[in-house]
Amino acid sequence: MSLELDDSVGEVAGVGPARAEELRAAGILTVGDLLSYLPMRYEDRSVRTPVSDLRPGMRTGVDVEVLSVRRKGRPGPRRATEAMVADDTGEALAIWFNQPYMATRFEKGDRAHLFGPVDEYKGAIQLINPVAADNADSPHLGRPVPIYRRIGSLGPGILRRLVSSALDQLAADQQRLPAEVTTQLGLIPMRDALRELHYPPTGADLALWEDLRSDAHRALAMAELIDFQTVLGLQRQRDEIEPGIARLLTAAAVDGVVSEFPFTLTEAQSRVLREVCDDLSADYAMHRLVQGDVGCGKTAVLGAAALAVALQGEQVAVLAPTEILARQHSVTLGTWGAALGVDVLTLLGADPKPTRAAAAQRLREGGPLLVVGTHALLQDSVEFERLGLVVIDEQHRFGVGQRAALRAKGRLQGTQPDLLVTTATPIPRSLALTIYGDLDVSRIDEMPPGRSPVATRRLERDEWPTLIDRLRAVIESDARAFVVAPAIESEEDGPETLATVQAVAKRLSEELGSDVVAILHGRQDSETRESTIEDFSQGKRPVLVATTVIEVGLDIPAATLMVVVQAERFGLAQLHQLRGRVGRGERNGECWLMVSSDITPTAAARIETLCETNDGFVVAESDLELRGAGELLGYRQTGPFGFRIANPRLHADWLRDAHQVALELARVDTTAALEYRERLRSTWRTRTRLARAG
Ligand code: ADP
Ligand code: MG
């Protein structure tokens, strides 16, 4: 009775090293993770039927006495066990196939509770492979029970046993919210909620559980949503107290920056840039999210804002999720900056120490400049003298904690740096307001002129020769092609599997010539990666075989063909992002999704969605259906506040209630609210630290 949710899953009775390893591989590290492993459905095993009422086709339980047990058939693994069982109303046969241990499980005279399908064979009523227990107080029987999706070798029965041990061992006090809140909202106690999540009470409407809307789901989801919204509320309050920098950005100054760009802004880009500049000129700190589908031109907007602020004599930090993207931004912004007289620095984790130290030194000294970097910008050794604007590109790749960490670097002077974040993830407006509760949203809803949709098709494995012909045509026309594979290399990768960069590159080199094929992946050192992209971009090696390192942001206008091998292994959003790498220049783009022969219906549905639409919104809607909002918005994996039970889409009404409560909790100074905020802060600190380390 003393386990905490943060304890290792290895502490649960029945979890030895081997099982712990299997659970870990599925992302289940703690007791809390295990208890958040939701059943895929429930089966009501509380029903009991008198033996004389058993009819073929039923699935039911019986309370019986064992009259006799015997083995049947030839010895071997297929040998069956039969038991004659009876209650006051009659007799029936229970029969188990492939379960030799059942022969020793019961003896004549034992009481047993059985549950299973009923059949009739030669006029006799039989229970086929029933689940059995000595008494009705079993995790498997006698009540509504959870049915879990298998994890490795751990089937639903074993998982039920482990979950139920964890529930039994769980410490009594799991309360998170202040008592007034739980009373006001009528939430059941957390420990009961955790139990009922897996074991609905007898007689409960299981449809509510399967729709994730039971009282148990509500109590757990509310706790998550209120925590999350309160943190956003606190952050916002703090930002409002600390004034932002009011600077004078004249339209002429901004036009001067934009006139250095090699294109004219679209109407949508201009409108969004105006919204950004209004915030930058005001005396409150900006919190703005710029959302726009892959390829709509977010770089121009963030670049114009960043350069305009740097021209005012302030420092600007641009954070990118990958090194490739950071380098690309420093080239783009560097070119524009050079024309305007703004220094653009780069700070990457992969840079040699002296280079990084020199960059950090310049930031401390405080010259007006723009620095582009990766996570390396978040390190404690990086300090700014006068940070005026923080830009985070592809912000869904980062956690809320990282956003706060970078911004905190500008707080030294008592004002709050402005914050501009971008994302290609389309979020329905209603969801944006609640999830990004602390951000204002601008949308770039128009593509640069001359773009046509990327023609997308599914390609079967045996269409390889078609692919080779297409690649030859790409090379001849001086275009570029990406070929993306799910892995770098693997031991079991034979010549036929084509699952890895190495295997695909080898085969393509054989057929197209090794001098046209380049390889790019995350395990190369950064110099190799840089020169590889350069060669590809210049057309020295027009076919680039890569992992998903190229997924976000990469901008090579000459690229016209994106090929993904084993496309069934990628998520929808990921494939849409990959597809966004082509068709960015004057020539139309094509995306070929090559699949293996035996793909699942869901994978086929993903591919079909992509073939049918180029609209990021439709793709995201589909993705929501398939995965749930938490994961889509990136909080499940990277955010310090992973939603385990709450699903902002399914629980939109709860989210609204949570929002109200959280506003209050963030504001009032009652003892309960203060204690609650203290608890949140310590969780927040730990998780932020983890997010920064990770
Ligand atoms: P994303 O929104 O995905 O970050 P980028 O900013 O990388 O998109 O822009 C995609 C491509 O479109 C780039 O090659 C960029 O130069 C080009 N582009 C951006 N804005 C315009 C515009 N207004 N007119 C023409 N091309 C543009
Ligand atoms: Mg981009």
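The values are calculated or read from the model by the stated rules, or taken from the named source; none is laboratory data. Bear in mind the structure is a predicted one, so any value in this text is a computation, not a measurement. Here Cβ is always computed from backbone atoms with ideal geometry, including for glycine, and neighbour counts include all displayed protein chains.
Check whether at least one residue in the range 251-269 is more than 16 Å from ligand 1 (Cβ to nearest atom), free of Cβ contacts under 8 Å to residues at least 60 places away in the same chain and either outside the structural domain of Thr422 (by TED's automatic domain parsing) or among the β-branched types (Val, Ile, Thr) (or both), and report yes or no.
No - not one qualifying residue is present in the range 251-269.
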task = Could you grab me the full set of residues in the range 539-557 that are over 23 Å from Pro448 (Cα atoms) and surrounded by fewer than 22 Cβ atoms within 10 Å (Cβ to Cβ)?
result = Gly539, Lys540, Arg541, Thr547, Thr548, Val549
message = Which condition from (1) within 30 Å of Arg191 (Cβ to Cβ); (2) touching a strand residue (DSSP E or B) at 6+ places or on another chain (Cβ under 6 Å) is the one that Leu234 breaks?
response = (2)
task = Give me the pairs, please: first residue somewhere in the range 291-313 and closer than 12 Å to Leu280 by Cα and outside the structural domain of Val342 (by TED's automatic domain parsing), second residue anywhere and more than 11 Å from ligand 1 (Cβ to nearest atom) and of a type outside the set (A, V, I, L, M), beta-carbon distance under 6 Å, and either six or more positions apart or on two chains.
result = none
query = Looking at the range 564-592, which of its residues are hydrophobic (A, V, I, L, M, F, W, C) and either farther than 22 Å from Arg451 by Cα or touching a residue at least 40 places away in the same chain (Cβ under 8 Å) (or both)?
reply = Val564, Val565, Ala567, Phe570, Leu572, Ala573, Leu578, Val582, Cys591, Trp592
request  = Can you work out which of the residues in the range 545-567 that are of a type outside the set (Val, Ile, Thr) and out of contact with any Asp or Glu (no Cβ under 9 Å at 6 or more places or on another chain) is farthest from ligand 1 (Cβ to nearest atom)?
outcome  = Gln566
key: Filter result (within 16 Å of ligand 2 (Cβ to nearest atom) and closer than 20 Å to Leu249 by Cα) within the range 264-287   = Leu265, Ala268, Gln269, Val272, Leu273, Val276
key: Residue list for the range 270-288, filter: more than 15 Å from ligand 1 (Cβ to nearest atom) and not charged (D, E, K, R)   = Cys277, Leu280, Ser281, Ala282, Tyr284, Ala285, Met286, His287
inquiry  = Here's a check for you: in the range 558-582, which residue that is closer than 14 Å to Ile533 by Cα and away from ligand 2 (no atom under 14 Å from the Cβ) is surrounded by the fewest Cβ atoms within 10 Å (Cβ to Cβ)?
reply    = Ala558
note = Those strands (runs of 3 or more DSSP E) completely within the range 499-604 that have 3 or more residues that are assigned by TED's automatic domain parsing to the domain that holds Asp393 are none
task = Could you check, for the range 297-312, whether at least one of its residues is more than 16 Å from ligand 1 (Cβ to nearest atom), farther than 22 Å from Leu378 by Cβ and modelled with pLDDT under 95?
result = yes
ask   = within 16 Å of ligand 2 (Cβ to nearest atom) and modelled with pLDDT under 95 - does that describe any residue in the range 464-479?
value = no
inquiry  = Please determine whether any residue of the range 323-346 is under 28 Å from the mean Cα position of the chain (by Cα), within 27 Å of Gly580 (Cβ to Cβ) and assigned to a loop (DSSP other than H, G, I, E, B).
reply    = no
Test for Thr374: is it on the phi < 0 side of the Ramachandran plot, modelled with pLDDT of 85 or more, away from ligand 1 (no atom under 16 Å from the Cβ) and more than 27 Å from the chain's Cα centre (by Cα) = no
message = Testing Asp469 on (1) surrounded by 13 or more Cβ atoms within 10 Å (Cβ to Cβ); (2) within 15 Å of Leu561 (Cβ to Cβ), one condition comes back false. Which one is that?
response = (1)
